[in-house]
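A.B. asks: Let me begin by handing over the structure; questions about it come next.
The values are calculated or read from the model by the stated rules, or taken from the named source; none is laboratory data. Every value quoted in this text rests on a predicted model; they were computed, and no experiment measured them. Counting neighbours? That spans all protein chains shown, and the Cβs are built from the backbone with ideal geometry, glycine included.
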């Protein structure tokens, strides 16, 4: 267990009003819609201390603490959310919601289609990052929050952050997009598509209709995850962590069993992923990422932020992230600057690749902490009743990234 | 058709002597062994003008000209091998052999196992790059060539080149390893393993026993190829070639059909690959690449080349190659320098990623040409009888890389 955890947390659900169909960018409507979410900390009297955390491709609403009191069910961003942490739950009311299309309690392809009484499968409508965020806007309305202090997230979470800032700028004071992009590049689309093709290639996928079958498309989903997993690491981090070491062998076995540690690691993570994620959700969520392109419809990224003058940005990238390379963030920063938006940018030197946003805890704590301090000052955010500032935590310089977290990336 | 082609070429086969079993690094023996090869140009009187070309993962012995006179069957390195080209067939006797384990006429998993009379499948012994090269040594012996002028190749071809230089240094005057590495990194192993897992995941693979079945593991092999294909390109080349353009659509279709051009390209190439390559060969050849590690057994790469003092090296890497990044070549050059070996190194600025070794024709022609000129001078290589130097070809500055070649990478 991590010290200073928010502790036991409870899964919550928000069911959209039945009489208000949720309209999607595709033109389809979705009804009913459930959004799974969690909250940590206390909303202050004027409801001005709320922070929304957006998760990545395979993440969930469970971002911090121990779900249902189970110490094995630690939140995916436990290192950054909690009392005295970067997103300090003593001061802030932190919300994390699962995205529409996912499989962690929100409406998605595994949900029952009211038209048939069976799981949607491929009858689930294609959703976009814009749809995901409008669902979150509904949640914020439901929670009675007029304006968030900030929205933060990495990877696909960062895309949601940008969507909030570009299309709902009046609903947040600040935006923290981390290790992300304003438009999926062809290489990102290519990796997504290979993952989807691996799922399609699995006969057990059965065009998405497998929920009542004994066999699930686990083999295909595992391959998709393995491809993705490689892209979350860096050559340097793989070299440090695995090198060419063999797994429990002194020398080559000259056969096709697992031999190298990196192979064992990938196989393990591929298999483990199938125990927690739904193959159809993998299709829908990667598709939403591929569609994400804030340069549309004008072709200009700066144009996307003309309404965002009052949103303060903290943009973070990582030098060894080759999936969302720093230059994507630099393009974003240029566009924000061109649009005259207040932006702070940091390209963090790290060898952890894309996963750095989950692993560079000390740097993230410092960066996020000082940016949030500034927001609190400038927006005059009151702490919740009973708040007492903590003594500064012991420095964690030299602390090793959490290996368990690395072993089961939630990117 | 390319001008200045060597023209019609013929597939040739060398069958190893039956009484000499071919011993593999694994300790297994292989018998019978057939090696498919082709030759271009004329061997000179003292047999000193022979150049061996080594192919990459999915390549074949058909490196130049039109196989069997078919103008659609152009060699994979046609741009660099032919009359007046980098490997000038007016001056040199160029040999290209298919590797053991492959599926282009050489003994591999699809060959008949004499013990059963059926295709080997997974009973085929695991082969290494060392085994591939020892088979080539046999071929050179068979051709009556005591010492090659040089050995050249890119990607896995480059590994064979390094193997020649390190373990058979008395058999070649020079070595040209291109876009390669002296030891497969964990990231390279990871990509290989994902490709293999995609094949294993296909029920039609049937543990390698599919040769007599109607259904082949095409779906798995296509996914493996798609993963590989991404790694042969660069983000920049994908951006230039595809961007986020849709394939025959004005706007998003909000479905899972092919939409982006990059998706269409990957699907097409994945499918096309299954028409020409064998899934089991994909397993065996990638495994050989993963095993390749010239730092063994001492841990020192320089130690691998202590016997290579008389081999002249031309090492070439490409700035946008993230599969075999330039620093792999730089480590190799450092080791060669430490071993006091004669080495010329060029890190070619290119946006074509790993495939640059097939596409940067003008640069390659200049680099290879001047290095080979030097070898001819220093080794006093006589031209074949009747050789007349050509007028310099028209400069090809600004020529576009061959798109067809890019579309069907032979890396």
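A.B. asks: So which of A:11, A:45, A:56 ends up being touching a helix residue (DSSP H, G or I) at 6+ places or on another chain (Cβ under 8 Å) and touching a residue at least 60 places away in the same chain (Cβ under 8 Å)?
C.D. replies: Testing whether each residue is touching a helix residue (DSSP H, G or I) at 6+ places or on another chain (Cβ under 8 Å) and touching a residue at least 60 places away in the same chain (Cβ under 8 Å) leaves just A:56.
A.B. asks: If I filter the stretch B:1-41 down to residues being within 17 Å of residue B:92 (Cβ to Cβ) and buried (at least 17 other Cβ atoms within 10 Å of the Cβ), which single residue comes out as nearest to the other protein chains (Cβ to nearest Cβ)?
C.D. replies: Filtering the stretch B:1-41 for residues that are within 17 Å of residue B:92 (Cβ to Cβ) and buried (at least 17 other Cβ atoms within 10 Å of the Cβ), the one nearest to the other protein chains (Cβ to nearest Cβ) comes out as B:37.
A.B. asks: Then there's this: Looking at this structure, is residue A:174 touching a strand residue (DSSP E or B) at 6+ places or on another chain (Cβ under 7 Å), away from chain B (no Cβ under 13 Å), at positive phi and buried (at least 22 other Cβ atoms within 10 Å of the Cβ)?
C.D. replies: The answer is no for residue A:174.
A.B. asks: Across the stretch A:262-286, what is the total count of residues that are at the interface with chain B (Cβ under 8 Å from one of its Cβ atoms) and either without any contact (Cβ under 8 Å) to a residue 24 or more places away in the chain or surrounded by 23 or more Cβ atoms within 10 Å (Cβ to Cβ) (or both)?
C.D. replies: Residues meeting the conditions: 5.
A.B. asks: With the requirement that a residue be touching a strand residue (DSSP E or B) at 6+ places or on another chain (Cβ under 6 Å) and crowded, with 24+ Cβ neighbours inside 10 Å, what does the stretch B:295-312 give you?
C.D. replies: Within the stretch B:295-312, just B:311 meets the criteria.
A.B. asks: Could you figure out which of (1) surrounded by fewer than 24 Cβ atoms within 10 Å (Cβ to Cβ); (2) within 14 Å of chain B (Cβ to nearest Cβ); (3) under 19 Å from residue A:301 (Cα atoms) isn't true of residue A:186?
C.D. replies: Here residue A:186 meets the rest and fails (1).
Yes or no, residue by residue, for (1) closer than 20 Å to residue A:77 by Cα; (2) in contact (Cβ under 8 Å) with a residue 60 or more places away in the chain; (3) touching a helix residue (DSSP H, G or I) at 6+ places or on another chain (Cβ under 8 Å):
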| site | (1), (2), (3) |
| --- | --- |
| A:94 | yes, no, no |
| A:103 | yes, yes, yes |
| A:113 | no, no, yes |
| A:128 | no, yes, yes |
| A:138 | no, yes, no |
| A:146 | no, yes, yes |
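A.B. asks: Is it the case that residue A:81 is out of contact with any helix residue (DSSP H, G or I) (no Cβ under 9 Å at 6 or more places or on another chain), crowded, with 19+ Cβ neighbours inside 10 Å and at pLDDT 95 or above?
C.D. replies: Judged against the criteria, residue A:81 is a match.
A.B. asks: Looking at the stretch A:206-221, which of its residues are buried (at least 24 other Cβ atoms within 10 Å of the Cβ) and touching a residue at least 40 places away in the same chain (Cβ under 8 Å)?
C.D. replies: Result: A:217, A:220, A:221.
A.B. asks: Of the conditions (1) within 18 Å of residue B:167 (Cα to Cα); (2) modelled with pLDDT under 95, residue B:249 clears all except one; give me its number.
C.D. replies: Failed condition: (1).
A.B. asks: Name, by its number, the condition in (1) out of contact with any helix residue (DSSP H, G or I) (no Cβ under 7 Å at 6 or more places or on another chain); (2) within 27 Å of residue A:377 (Cα to Cα) that does not hold for residue A:176.
C.D. replies: Of everything listed in (1) out of contact with any helix residue (DSSP H, G or I) (no Cβ under 7 Å at 6 or more places or on another chain); (2) within 27 Å of residue A:377 (Cα to Cα), residue A:176 misses just condition (1).
A.B. asks: Which residues, taken from the stretch A:126-150, are touching a strand residue (DSSP E or B) at 6+ places or on another chain (Cβ under 6 Å) and under 14 Å from residue A:285 (Cβ atoms)?
C.D. replies: A:135
A.B. asks: If you go through the stretch A:299-351 one residue at a time, how many are in contact with a helix residue (DSSP H, G or I) (Cβ under 7 Å, 6 or more places away or on another chain), over 20 Å from residue A:363 (Cα atoms) and free of Cβ contacts under 8 Å to residues at least 60 places away in the same chain?
C.D. replies: 5
A.B. asks: Do you know which of the residues in the stretch B:244-253 that are without any contact (Cβ under 8 Å) to a residue 12 or more places away in the chain and within 9 Å of another protein chain (Cβ to nearest Cβ) is farthest from residue A:297 (Cα to Cα)?
C.D. replies: B:253
A.B. asks: Do we have residue A:157 as away from chain B (no Cβ under 14 Å) and either surrounded by 24 or more Cβ atoms within 10 Å (Cβ to Cβ) or assigned to a helix (DSSP H, G or I) (or both) here?
C.D. replies: Against the criterion (away from chain B (no Cβ under 14 Å) and either surrounded by 24 or more Cβ atoms within 10 Å (Cβ to Cβ) or assigned to a helix (DSSP H, G or I) (or both)), residue A:157 qualifies.
A.B. asks: Just one of (1) within 30 Å of residue B:175 (Cα to Cα); (2) more than 10 Å from chain A (Cβ to nearest Cβ); (3) touching a helix residue (DSSP H, G or I) at 6+ places or on another chain (Cβ under 8 Å) trips up residue B:231, so point out which.
C.D. replies: So residue B:231 meets the others, but not (2).
A.B. asks: What helices (runs of 4 or more DSSP H) completely inside the stretch B:341-411 contain at least 1 residues that are modelled with pLDDT of 80 or more?
C.D. replies: B:356-359, B:361-378
A.B. asks: Looking only at the stretch B:299-321, count every residue that is away from chain A (no Cβ under 14 Å) and in a loop (DSSP other than H, G, I, E, B) and tell me the total.
C.D. replies: Number satisfying all stated conditions: 9.
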